[in-house]
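To start, the structure itself, in structure tokens.
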Amino acid sequence: MGVSAELTAKAQLAFEDELKLWTRHGTWRPGMTQLRRDETRAIAAPIGPADFPVDALIEQDVVSDDLVHDYLFFRAMEKALEAVQSDIVNAAVAAEAA
């Protein structure tokens, strides 16, 4: 697998993982949708209060109904770009050190 294929796979995985964290929690008023991002959804096994990660974030956003898909796409693309950017920066630092 070439470098670009590895970066593409990493970006796709980060994109899909980010989308899995979001849930739609209905409408609190006409034309608006409540979205919730819960990092604990990434945990495969059921957890109790003692196992709850302290640094796990739970975000809640309210967006217009017609912007829900765009908003989720934007947030997932941010994570995909962060994942690829970190690999590129690490490769550049390693190349300078060599």
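Go through the range 24-42 and give me each residue that's within 15 Å of F74 (Cβ to Cβ) and part of a loop (DSSP other than H, G, I, E, B).
None - no residue of the range 24-42 is within 15 Å of F74 (Cβ to Cβ) and part of a loop (DSSP other than H, G, I, E, B), so the list stays empty.
Give all pairs with beta carbons closer than 7 Å in which a residue from the range 9-27 that is over 18 Å from H69 (Cβ atoms) meets a residue that is of a type in the set (A, V, I, L, M, F, W, C) and surrounded by 15 or more Cβ atoms within 10 Å (Cβ to Cβ); count only pairs at least 6 apart in sequence or on separate chains.
K10/A83; K10/V84; A11/A80; A11/A83; A11/V84; A14/A80; A14/A83
Is one or more of the residues making up the range 3-23 in a strand (DSSP E or B), at pLDDT 90 or above and touching a Leu at 6+ places or on another chain (Cβ under 8 Å)?
For the range 3-23, residues in a strand (DSSP E or B), at pLDDT 90 or above and touching a Leu at 6+ places or on another chain (Cβ under 8 Å): present.
Quick one: in the range 60-77, which of the residues that are of a type in the set (A, V, I, L, M) and exposed (fewer than 15 other Cβ atoms within 10 Å of the Cβ) is nearest to F15 (Cα to Cα)?
The extreme case among them is M77.
The values are calculated or read from the model by the stated rules, or taken from the named source; none is laboratory data. Only a predicted model underlies this, so the values are computations on that prediction, with no experimental measurement involved. Virtual Cβ from ideal backbone geometry, glycine too; neighbours counted across all protein chains shown.
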